[in-house]
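Here the structure comes first, spelled out in structure tokens, and everything after it is commentary.
The values are calculated or read from the model by the stated rules, or taken from the named source; none is laboratory data. Just so we're clear, the structure is a prediction, and the values are computed from it rather than from any experiment. Cβ coordinates were reconstructed from backbone atoms using ideal geometry, including for glycine residues, and neighbour counts include every protein chain displayed. All accessible areas refer to the heavy atoms of the entire protein, side chains included, with ligands and DNA or RNA removed. Shrake-Rupley method; radii C 1.70, N 1.55, O 1.52, S 1.80 Å.
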Amino acid sequence: MVGQWSGKEARALREAKRMSIREFAAHLGVHERLVSKWEAGGDRVHPRPVNQAALDTCLARSDDVERGRFAALTADAPVSGPGGHTAVRGSYSNDAELLALIDSGAVRGEGSAAISERDLIMAAAHEASDHAGRAEATNIGASTLEQLDADVTRIANDYVHTPPMPMMVEMLRVRRRVYRLLEGHQRPSDTSHLYLLAGSLSGLLANASTDLGYLDAAGEQIRAAWAYGEICGHNGLRAWARGMHALIEYWSERPHRALALAQSGQQYADSATAAVRLHNIEARIWSKIGSAADTERCIRAAAAASEGPATDSLHDEVGGVFGFAEAKASYYAGATYIHLGLAEPALAATERTIELYRSGPARQRSYGAEALARVDSAAAHLINGSLDGAAEALSPVLELAEDKRIAQLEERLTGVRRRICAPTYRGVAQARSLDEQIEEFCGSTPTRSLPPGAG
């Protein structure tokens with residue numbers, strides 16, 4: 001409080017807060033013409049008591065730097081010294097006021113003689129010490145980061161054999177914790193680590209949103225994952241996000257946009273796994289477009305990339321959804337050959353996929369990829385004219401629990417139904433029966449958001 005405010009002091013407070021007349025008037029809750037009147041009157045004008053109280057409150061709520069500026073502009077205001085230099089009149093009571101005088105430009109030329117050398121040196125030292133103390137403070141410890149890393153690894157690996165919804169709840173819970181930590185203060189390296197975690201969890205949520213049939217939401221999640229990868233500069237996350245985004249565009253019937261994303265991801269593929277995955281995604285897209293030559297080129301590129309020794313922390317160490325094991329590669333190959341109408345290589349790839357999942361560790365058995373491989377196997381059998389083979393391949397799929405019936409299954413089964421309805425099988429009782437079973441399966445599938453033919 002300054003006691004009795006004058007227009008001159010009101011102007012000093014406004015300038016100390018570095019506000020325009022309009023901003024200062026809004027801050028006080030008065031009309032800007034009134035503030036202009038105060039300032040024009042200077043020492044001769046004194047605001048009414050209610051406005052005196054508002055000015056007192058405004059000064060009381062100012063920070064140390066603003067108070068220091070106010071002191072420099074009023075009782076301790078700078079005056080012109082010899083040669084037009086500025087000198088400091090009066091005293092400063094603390095480091096903040098001294099530093100505010102320096103900020104305001106009140107200490108220039110000969111004006112510096114009004115400041116104690118020791119006060120200046122100690123104020124500078126105290127400022128450095130205080131700032132370093134704040135910089136050292138952190139809201140996160142090593143054990144917290146270790147737990148979050150463990151959470152992401154667990155979720156990424158559990159997701160392949162667990163229904164989407166309960167896993168999505170867990171993904172969201174952990175990401176919200178990461179977001180809360182990012183609102184606080186931590187070392188730059190820990191902040192980067194948190195952004196990697198946020199990006200990984202956003203990628204997992206994109207994958208889950210896709211499996212549940214919400215492609216628009218998946219697109220938002222994967223764009224967030226990409227943004228976090230850019231912030232923390234993690235090439236593994238960038239490469240994986242580009243591949244996932246390419247798949248979302250592929251399922252959304254935008255294959256050329258999908259191609260551009262898959263191809264751009266290669267510049268971030270520092271590991272063999274990342275490169276193989278992106279080449280396989282690109283091959284799958286080219287096969288949908290119908291270019292056998294480009295598909296074959298990408299398949300060869302994937303084979304060559306698989307020989308590379310490099311690994312990265314996301315694809316190879318976290319793994320799970322982020323990995324691209326042999327079984328997943330075989331599943332992609334089967335889908336690619338189905339697009340090209342090549343039954344024999346499709347059958348070989350899908351059978352390889354099913355066998356790898358059946359004989360591998362239970363925790364790595366992706367029920368979604370295995371089921372989709374079985375649907376592709378059924379399609380290959382139908383291309384070969386084998387209804388028996390198609391029915392056998394589909395039998396485990398049609399028995400899947402409802403919470404494991406991911407959106408891509410219905411879309412892929414729709415393609416099988418189109419093959420069953422071809423003239424070749426018209427009037428065949430077994431074909432009609434299989435078609436009815438697929439129809440019943442699709443009718444009870446809770447997520448049906450993908451457009452027909454999106455796979």
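Search region 37-48 for residues that are outside the structural domain of Arg11 (by the TED database) and pair each with any residue that is of a type outside the set (A, V, I, L, M) when their beta-carbon atoms are under 8 Å apart and the residues are at least 6 apart or on different chains.
none
Cβ contacts < 6 Å: first residue assigned to a loop (DSSP other than H, G, I, E, B), restricted to region 305-327; second residue among the basic types (Lys, Arg), any location; separation 6+ or different chain. Result?
Phe324/Arg277
Exactly one condition in (1) more than 44 Å from the chain's Cα centre (by Cα); (2) outside any loop (DSSP other than H, G, I, E, B) is not met by Thr57; state its number.
The number of the failed condition is (1).
Taking region 17-57, which residues are closer than 17 Å to Leu73 by Cα and surrounded by fewer than 14 Cβ atoms within 10 Å (Cβ to Cβ)?
Selection gives Arg18, Ser20, Ala40, Gly42, Asp43.
Going by the conditions given, is Gly368 in the same structural domain as Ser271 (by the TED database), crowded, with 18+ Cβ neighbours inside 10 Å and under 31 Å from the mean Cα position of the chain (by Cα)?
No.
Cβ contacts < 6 Å: first residue part of a helix (DSSP H, G or I), restricted to region 278-297; second residue charged (D, E, K, R) and at pLDDT 95 or above, any location; separation 6+ or different chain. Result?
Correct list of pairs: Trp286/Asp294.
Show the residue pairs meeting these rules: Cβ distance below 8 Å; 6+ apart or different chains; first residue within region 117-134 and modelled with pLDDT under 80; second residue open to solvent by 70 Å² or more (accessible area, probe 1.4 Å).
Arg134/His185
Answer with yes or no whether Leu387 is open to solvent by 30 Å² or more (accessible area, probe 1.4 Å) and aliphatic (A, V, I, L, M).
Answer is no for this residue.
Just one of (1) of a type in the set (S, T, N, Q); (2) under 31 Å from the mean Cα position of the chain (by Cα); (3) open to solvent by 20 Å² or more (accessible area, probe 1.4 Å); (4) not assigned by the TED database to the domain that holds Leu196 trips up Ser359, so point out which.
Failed condition: (2).
Filter region 4-16 down to residues that are basic (Lys, Arg) and open to solvent by 30 Å² or more (accessible area, probe 1.4 Å), then give me how many there are.
Result for region 4-16: 2.
Pick from Gly133, Gly203: which is in the same structural domain as Arg242 (by the TED database), open to solvent by less than 50 Å² (accessible area, probe 1.4 Å) and at negative phi?
Answer to the check: Gly203.
Of (1) surrounded by 24 or more Cβ atoms within 10 Å (Cβ to Cβ); (2) at pLDDT 95 or above; (3) touching a Leu at 6+ places or on another chain (Cβ under 9 Å), His193 satisfies all except one. Which?
(1)
Going through Gly233, Gly184, Gly213 one at a time, which residue ends up being open to solvent by 20 Å² or more (accessible area, probe 1.4 Å) and at pLDDT below 95?
Gly184
So which of Ala241, Ala208, Ala225 ends up being crowded, with 23+ Cβ neighbours inside 10 Å, in a helix (DSSP H, G or I) and in contact with a Pro (Cβ under 8 Å, 6 or more places away or on another chain)?
Ala208
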